[in-house]
Amino acid sequence: MRKKKVTSSDIAHAAGVSQATVSMILNKKYNVSFSKETIRKVEQIAEEMGYEVPKRKTRRESRKEKLIVVFCSNLTNPYYVMLLQGIESRAKEQEYGLFVCNTQRDLKMEERYLRMMHELKPLGIIYTCNPSHCFMDTIEELAEKIPIVIINNQNEHLNVDAVELDNSKLGRMMAKHLLDLGHRKVAYIAPPLTTRQKQRSKRVEGFLKEFDAVGLKDNVIIKAANESIDMSIPNIDSEYKIGYDLTKELLREHNDITAIVGLNDMIAFGILDALHEEKYKVPADISVMGCDNTLFAKMHKVSLTTIEHFVVFKGRDACDIIMKKILSQNSQYSEIQPISTYHVEYEPRLIVRGTTSYAKTKKGKN
C-alpha cells in the first residue's frame with residue numbers, strides 16, 4: 001500500500017501552528033517574524049515526517065511568452081496610438097504579447113531600449129517610425145537575428161522590411177486640394193523640421209513642390225516650431241499647442257492668408273481653436289486642413305478635412321510581416337534559407353469635410 005504523502009497541513013497539526021506559518025517557514029518567506037523556537041520546531045517536525053517542499057513549476061521553453069517589441073517615439077499623438085491599435089489587434093489574434101518602448105524621441109532612451117533587446121529576446125521588433133540614424137547599424141545587425149519591421153518614410157533606404165509611407169505624396173495631395181479651391185496664399189504649420197525627423201520635412205517638401213509647379217512657392221509660409229520642443233518630454237497637448245501658438249503668431253504677421261495646413265490632425269486642432277478665438281470663420285475666412293484622419297477629425301463639431309493613409313492597417317501589416325518571418329524561420333525547407341524583404345504601401349485618400357472651401361476673393365481681416 002502506497003504511503004500517504006505528508007502535507008504542510010500535517011506539519012501544522014503536529015507543530016501546533018497554522019498551515020500558512022508552515023508554508024512561509026519551509027519556503028523561507030518570512031513576511032512576519034517567527035521565533036527561533038518556532039522555526040526550529042517546524043523544520044524538525046518536517047524532517048522527521050519526511051516532508052518535501054514542492055518544487056516551483058517552471059514554464060517549459062515551448063510555452064515561453066511570444067513577445068513582440070514595439071518602438072514608439074510619441075504616445076501623445078493619436079497617430080501612434082492608432083498604429084499600436086493595429087499592431088495589438090493582430091498580435092492578440094495570434095496570442096503574441098507586446099512590449100512597448102516609448103523613446104520620447106530621446107536618443108539615450110532609444111539606445112537603452114535597444115540594449116535591452118538581448119535580454120528580452122523578443123521574437124520580433126516593430127519600429128513605428130524611422131530609427132535614429134546613429135542606430136541604423138545596430139538595427140541592421142539585430143535584423144540578422146530577429147525579424148524587424150519599420151513603418152518608415154519611403155525615401156529612406158534601409159535593408160530591413162518596411163511598411164512604407166510616402167510623406168512627400170501626402171504633402172502634394174494637401175497642396176493640390178487647396179490649389180483646386182483657389183487658395184494662393186497659404187501657411188503650413190509643423191513641428192521642428194530637423195534632420196532626425198525627416199518624415200516631417202518630406203511632407204512639407206511635397207506641399208511646396210506642388211505650389212512650385214504653378215509658380216506659387218513663394219506664397220507658402222512655413223511656420224515650424226523651435227527645435228527645443230523635441231528636446232523635452234512631449235505632453236498630451238504638445239502638438240496641439242504648436243498649432244495654436246504658431247497660428248496666433250501667424251495672424252499677427254499676415255492678414256492675407258486664405259488657408260492654413262497642419263502637418264497632422266493634432267496641429268490642425270490647435271489651428272482651429274486659435275482661429276476661433278480670433279473670430280475667424282472656418283472655412284469662410286480661412287480653410288484648415290490636417291493629416292492622419294484621427295478619431296477627433298471625424299467628429300461632427302470638428303469635421304476636419306484631412307488625409308487618410310490607413311494607419312491602423314499599417315500596424316496590422318507590420319505585425320503580419322513579423323509573423324511571416326517567424327514562421328519562415330521555424331519552417332526549414334532547405335539547408336539555405338531565402339532572404340525575403342517585404343515592402344507594403346497604401347495609396348492615401350483625401351477626406352474632404354467642413355473645414356475647407358473655396359478661397360475668399362476679397363482681402364482677409366485686418
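The values are calculated or read from the model by the stated rules, or taken from the named source; none is laboratory data. Small disclaimer: the values here were computed from a predicted structure and weren't measured. Cβ: placed from backbone, ideal geometry, glycine included. Neighbour counts: every protein chain shown. Heavy atoms of the whole protein, side chains included, go into the accessibility calculation; ligands, DNA and RNA do not. Shrake-Rupley method; radii C 1.70, N 1.55, O 1.52, S 1.80 Å.
Structure summary
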read-out: Answer label for Cα extents along the principal axes in Å (calculated), chosen among (1) 70, 56, 38; (2) 102, 56, 35; (3) 74, 53, 33; value: (2)
read-out: Among I125, I148, I39: highest mean-square fluctuation, GNM of the chain, C-alpha pairs under 10 Å; value: I39
read-out: Gyration tensor verdict on the range 83-129 (Cα atoms; rounded if a/c is under 1.5, prolate if a/b is larger than b/c, oblate otherwise); value: oblate
read-out: Estimated distance in nm for a label pair at F99 and E144, the labels positioned 7 Å out from Cα along Cα-to-Cβ; value: 2.2
read-out: Computed accessible area, M116, all protein chains, 1.4 angstrom probe, square angstrom; value: 60
read-out: With DNA, RNA and ligands ignored, accessible area of R349 (1.4 Å probe; Å², nearest 10); value: 140
read-out: Förster radius 22 Å - calculated FRET efficiency between N255 and I222, Cβ distance, rounded to 0.05; value: 0.75
read-out: Dipole magnitude of the chain, debye to nearest 20 (Cβ charges: Lys/Arg +1, Asp/Glu -1, about Cα centre); value: 1120
read-out: E253 - accessible surface, heavy atoms, 1.4 Å probe, Å² rounded to 10; value: 100
read-out: Using alpha-carbon coordinates, inclination of helix 311-330 to the longest axis of the chain, degrees; value: 40
read-out: Principal-axis tilt of helix 78-93 within the chain, Cα atoms, nearest 10 degrees; value: 40
read-out: Per residue solvent-accessible surface (Å²) - the chain, probe of 1.4 Å; value: 56
read-out: Listed residue pairs exceeding 30 Å between alpha carbons, taken from K223/K301; K209/K248; K209/K241; K209/K314; K4/K66; value: K4/K66
read-out: Calculated from backbone phi, Karplus (6.51, -1.76, 1.60) coupling profile of the range 287-298 in Hz, x at Gly/Pro; value: 7, 9, 9, x, 7, 2, 6, 6, 3, 5, 5, 7
read-out: Per-residue ³J(HN,Hα) for the range 247-259, Karplus 6.51 cos²θ - 1.76 cosθ + 1.60, θ = phi - 60°, Hz, x for Gly and Pro; value: 5, 4, 5, 4, 5, 6, 9, 9, 10, 10, 6, 10, 8
read-out: Fraction of accessible area attributable to carbon and sulfur, the chain (%, probe 1.4 Å); value: 50
read-out: Separation of the K5 and K108 label points, Cα + 7 Å toward Cβ, nm; value: 5.2
read-out: Cα gyration tensor shape of the range 194-270, rounded if a/c is under 1.5, else prolate or oblate by comparing a/b with b/c; value: oblate
read-out: GNM flexibility winner over the chain from E141, E48, E88 (Cα, springs under 10 Å); value: E48
read-out: 11 Å beta-carbon shell around A143, net charge (K/R +1, D/E -1); value: -3
read-out: Whether the range 161-201 is rounded, prolate or oblate, judged on the alpha carbon gyration tensor where a/c under 1.5 counts as rounded; value: oblate
read-out: Label-to-label distance, nm, for residues given as S328 and K66 (7 Å Cα→Cβ offset); value: 1.8
read-out: Extension gain, E48 back to T195 (0.36 nm per residue minus Cα-Cα distance, nm); value: 45.6 nm
read-out: Helix axis angle, 265-277 relative to the chain longest principal axis, alpha carbon, degrees; value: 50
read-out: Burial order of peptide ranges 355-361, 72-78, 91-97 (average beta-carbon count within 10 Å, highest first); value: 72-78, 355-361, 91-97
read-out: Summed side-chain charge close to L304 - residues other than L304 whose Cβ falls under 13 Å, Lys, Arg +1, Asp, Glu -1; value: -1
read-out: GNM result for the chain, Cα springs below 10 Å: residue of K217, K28, K185 fluctuating most strongly; value: K28
